[in-house]
1. Below 8 Å between Cα atoms, with a sequence gap of 6+, how large is the relative contact order for segment A:77-136 in percent?
2. Please compute the length gained on full extension between B:A12 and B:S152, using 0.36 nm multiplied by the number of residues separating them and subtracting their Cα-Cα distance.
3. For chain B, take the longest principal axis of its alpha carbons; what is the angle in degrees between that and the long axis of helix B:4-25, to the nearest 10 within 0 to 90?
4. When chain B is modelled as a GNM with alpha-carbon springs shorter than 10 Å, which of B:S242, B:S66, B:S29 fluctuates the most?
5. Name all residues of segment A:271-304 having a backbone nitrogen under 12 Å from the label point set 7 Å from the Cα of A:L49 along its Cα→Cβ direction, giving them as ranges.
6. What dipole magnitude, in Debye to the nearest 20, does segment B:1-78 give about its Cα centre under +1 on Lys/Arg Cβ and -1 on Asp/Glu Cβ?
7. Could you give the dipole magnitude of segment B:117-263 about its Cα centre, charging the beta-carbon of Lys and Arg +1 and that of Asp and Glu -1, in debye to the nearest 20?
8. Give me the dipole magnitude in Debye, nearest 20, for chain A about the Cα centre, with unit charges on the beta carbon: positive for Lys and Arg, negative for Asp and Glu.
Amino acid sequence: MTERGPVAIDSRPENENWLARLRAWPRRLWHEAFGRVSEKEGFYRHGALVRLTHWINALCIIFLLGSGLNIFNAHPRLYWGMTGTDADQPFFSLGAVDTPAGPMGFTQIGAWQFDTTGVLGWSMADGQFQPRGWPSWMTIPGFQSLADARHWHFLFAWILLFNGLAYLLYSLWSRHLQKDIWPSGADIKAIPRSILDHIKLKHPTGDAARRYNVLQKLAYLGVIFLIVAMVLTGLTMSPGFNAIFPWLLDLFGGRQSARSLHFISAALILLFVIVHLVEVVLAGPINEIRSMLNGWYRIPQDHSKDRE
Amino acid sequence: MAKVKDITRRVAILGGLGGAGYLIAKADSLTMGSGFQNVARVVEDWTMSAQRGLMGDRLAREYRASDISPFFKPNGTYDPGTDEYNGHVAQNFANWRLRIFGLVDKPLSLSLAELRRLPRRTQITRHDCVEGWSAIGMWTGVPMSLLLQAASLKINARYAVLRCADNLTGEPAKGGEQSPGQYYESIDLRDAFHPQTIMAYAMNGKPLDVAHGAPLRLRVERQLGYKQAKYVESIEITDSFSGIAGGRGGYWEDRGYEWYAGI
């Protein structure tokens, strides 16, 4: 290594100069984020195409969720079956009603109704309170515009489609899907143990960290399934696509059912994203994010044994 | 020293993340810009090409009589309400005429009685509003292909532009600034000659009522509700719609919605 070689990765206790340590911090972060991890410390975890499609997918999900909620606001009610309008009872709705105490935003789920004034049904946008299903800060664009939200939605739907196909075809061809994500028989048997590990927030170390754990595999398979479901239920809402593949209407139980399943799948994807981000933070955010940026993952060592 | 390849990669990674962050942070102001609106029109072209390439002349699904929605939500204009229109309502539309003109050899002017004597098609189809709701109704009317054949199109004919009797004020709650304007719509000849594209004068076996577009409306199945123009007075055959009203081919198209409403 040259004189500009890597900055010390382990913060040495003998370095008591906190100012020097603070100054070294940005360089250390940069090294952590971009530095190559040696074969001894870790391994090349994610191929370039997986990393690229991961980030494009993340951007698509942000825009599709935001614009989808804006589109939802044009008719914030969900039904089952082929048809549904204001005359029908929704199983889920957001809305606003006038009460003696002023306007109230509500969220209705089945027979229950909750007061969600200020967030759902009735919230502030453009400096004034208004009837609005999802609040401004959740939607893309932030102002209510069905036409513009549709533009964003269809733009990123196309990107998601090509990105998803690239990922799936590459993963099948390179056997990434079969080798790394599809659970083995041993994995299935290890499910109870993996659940316990997750509850104890215990993350794999050493050789075990070279593979995904079984819950992780199932979660990734699940989100692939959900994205496929999103594309299909989304297309089932299109009257043009209905003429192409009318059987999709029957598969999902009708046009309004497809719309509702589209929404429920989106909610499950959001749940996945939240759990995914929490796990990234718990498992070591810099190491995890680096491995998705330059591919290199440092294998976490089991320090509990060092102390014994 | 880091290798050039590594530096390029870092620049690409940081550039990508920065670009994505910019898109997310600036989404609202980008939405208002012409660049984004132009991108949206390119995307609309992809969607239209892809759908039309796959669908050919396939029919929209037709339903059973028992599937007809007991309540079919009227939308947009509920009643044009002008003196002229009210006069037509009082006369039961006896003097209403559908004019077909423009790039045709034989301009036509047809009364409702004449339209009812022409061959008709009845179809039970689903109506999907761009807002998200759906209802099923039964429509009876004259296939547009018959009308256009009778008018004999000129070689440069490309679009059928339908002008309506209603002046829609727009509903600000449903999407920003909407200036009032005469309702109109346009379809191209591929949709105009589709067997399910009809000029409907009856709904669920009865003459069209005012809320649903009396006396005559378009049904262009395989597209969303806003294409189904109500209160239709004329069909102009043109080679372009860029010189009409806002130039985008329809009332809602002029207010930001897609001209191709198949999705």
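1. It rounds to 24 percent for segment A:77-136.
2. Stretched fully, the B:A12-B:S152 segment lengthens by 44.5 nm.
3. 40 degrees
4. Greatest mean-square fluctuation among the candidates belongs to B:S29.
5. What the label zone holds, given the 12 Å backbone N cut-off, is no residue at all.
6. 380 debye
7. I would put it at about 600 debye.
8. 880 debye
Each value in this text was obtained by applying a stated rule to the coordinates, not by laboratory testing. It should be emphasised that the depicted structure is a prediction, and the values quoted were computed from it without experimental measurement. Note: ideal-geometry Cβ built from the backbone for every residue, glycine included; neighbour counts use all protein chains shown.
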